[in-house]
Amino acid sequence: MQEIFNILFVDDEENILKALKRLFMDEDFEIFTASSGKEGLEILNTGEFAVIISDQRMPEMTGTEFLLKAKELYPDTIRIILTGYADVNAAMNAINEAGAYRYITKPWHDSEILHIVKEAAQRYKLIKENKQLTELTKKQNEELQTWSKELEYYVQIHTIDISKRDKEIKILNEKLRKNSKELMGCLRNLIGLRAKSILNHSEKVAFISTEMAKKASLPTAEVDIITIAGNLHDIGKIGSSDVVLFKEPEELSSDEMKQYIQHTIKGQLAISPIEDLYKAGVLIRHHHENYDGSGFPDKLKGGKIPLGSRLISLADRFERLSRYSEIDEALKKIWSMLGKEFDPELFILLESVIVEHKTILFSSEDIIEVELSIKHLMPSFIISRDVIGSPGLIIIKKDTVLTEKHIELLKRSSYEDYSKSGIFVYKKRK
Ligand SMILES: [Fe+2]
Ligand SMILES: [Fe+2]
């Protein structure tokens, strides 16, 4: 739909106003007329006007003066000045001072004045649209700014919330880590209270199996489980009798063996209720399975035995052998049992860990003290602690050099039936 604009003609001559009205009556304009600048300003005050065409020569207020006022009040309205031929200077003034868009000389050509006024109305339309667009853009920008501020605020709140939660999670994790460390400490203390030798053994087994797991490039979480299982693998022995506790498995009677087998199951049962230790419990259960399926408690075979259990099994046997054999001999013995008791593929890991960590695992001093069963005593070994018999009598004194006779005496004394420990001797390590 065509937009109808208001236009105002101002002239003190009635005839001119009539002529102009006639000329524009068929055009798409609403025509208003005023006979003076004062009246013109009153009419302008009644609505929105697109174009003002004002005569220059008027009594009281000239066209330029009128247009100047109109400019101040309605700056967007397009202003045109009508002048006689002699008033070109006045027309220029109107353009310069009152910001008139054009001047039209009297008498005018109808087509010319029609064209100029239509063009002016078009210009007014453009200015108006431009203003509306600018307004809209400004409004949208303001809305965008508000949104962006709100968004920034929410992001900030959210970030604060996330970092607060992060902190809380970190504290909780730290607490959990501390708790499991303390729990491990308690369990190790329990093992140590039952027998210091199991604790020493367990610590070495944990170290060797952990290093083997690292060498096998297992994920950290799995390595951690192996460390826990290595430390606690013999926790089930806490409830075992002293005889079972001290003797080597191959020295046990069949009844004692039945009890010994139970330490794997009891160990798993003891720690499995703690969720974090459940996986370690599984490794503990199977640390005496043999590679050929002849082990216990479930006679698992080959790859069916959890990898962690296979590693702990190797570390466990090596640690026990190294108490009364040189490192090379212990490794040789293990080598002879590959494929039967142990996974052949894992031997290389054990060997490299032992070679690499020899000084950590075994005292760097030449003379060390070891606890041996009577079976492993040899003539020439030097006793490092008094061997006390059942009534509290010293059977063999500290620093005695063992002979065949001493060993015979110990075998006959049924020392191992009542003692909680083995025989402590000095040993020279190569
Ligand atoms: Fe064991
Ligand atoms: Fe063990």
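Overview of values
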| read-out | value |
| --- | --- |
| Residue satisfying all of: in the range 249-274; hydroxyl-bearing (Ser, Thr, Tyr) and surrounded by 14 or more Cβ atoms within 10 Å (Cβ to Cβ); farthest from ligand 1 (Cβ to nearest atom) among these | 272 |
| Residue 369 over 21 Å from residue 260 (Cα atoms) and acidic (Asp, Glu) | yes |
| Qualifying positions in the range 213-245 - within 13 Å of ligand 1 (Cβ to nearest atom) and part of a helix (DSSP H, G or I) | 229, 230, 231, 232, 235, 236, 237, 238, 244, 245 |
| Filter result for residue 395 (β-branched (Val, Ile, Thr) and either in contact with a strand residue (DSSP E or B) (Cβ under 6 Å, 6 or more places away or on another chain) or loosely packed, with under 13 Cβ neighbours inside 10 Å (or both)) | yes |
| Matching entry among 334, 368 (being modelled with pLDDT of 85 or more and either surrounded by fewer than 18 Cβ atoms within 10 Å (Cβ to Cβ) or closer than 18 Å to residue 212 by Cα (or both)) | 334 |
| Among the residues listed as 9, 32, the single one being touching an Asp or Glu at 6+ places or on another chain (Cβ under 9 Å) and of a type outside the set (Gly, Ala, Ser) | 9 |
| The range 192-220 residues that are under 20 Å from residue 249 (Cα atoms), paired with ones that are more than 15 Å from ligand 2 (Cβ to nearest atom) and acidic (Asp, Glu) (beta carbon under 9 Å, 6 or more apart) | 195/242 |
| Pairs, first of a type in the set (Lys, Arg) and assigned to a helix (DSSP H, G or I) in the range 263-292, second modelled with pLDDT of 95 or more and surrounded by 19 or more Cβ atoms within 10 Å (Cβ to Cβ), C-beta under 7 Å, six or more apart | 279/225; 285/264; 285/268 |
| Residue within the range 289-303 that is under 14 Å from residue 209 (Cβ atoms), within 16 Å of ligand 1 (Cβ to nearest atom), more than 41 Å from the chain's Cα centre (by Cα) and of a type outside the set (S, T, N, Q) present | no |
| Options 235, 228, 261; residue that is in contact with a Gly (Cβ under 9 Å, 6 or more places away or on another chain), of a type outside the set (Ser, Thr, Tyr) and within 15 Å of ligand 2 (Cβ to nearest atom) | 235 |
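The values are calculated or read from the model by the stated rules, or taken from the named source; none is laboratory data. Because the structure is predicted, anything quoted here is derived from the model rather than measured. All Cβ positions, glycine included, derive from the backbone under ideal geometry; neighbour counts span all protein chains shown.
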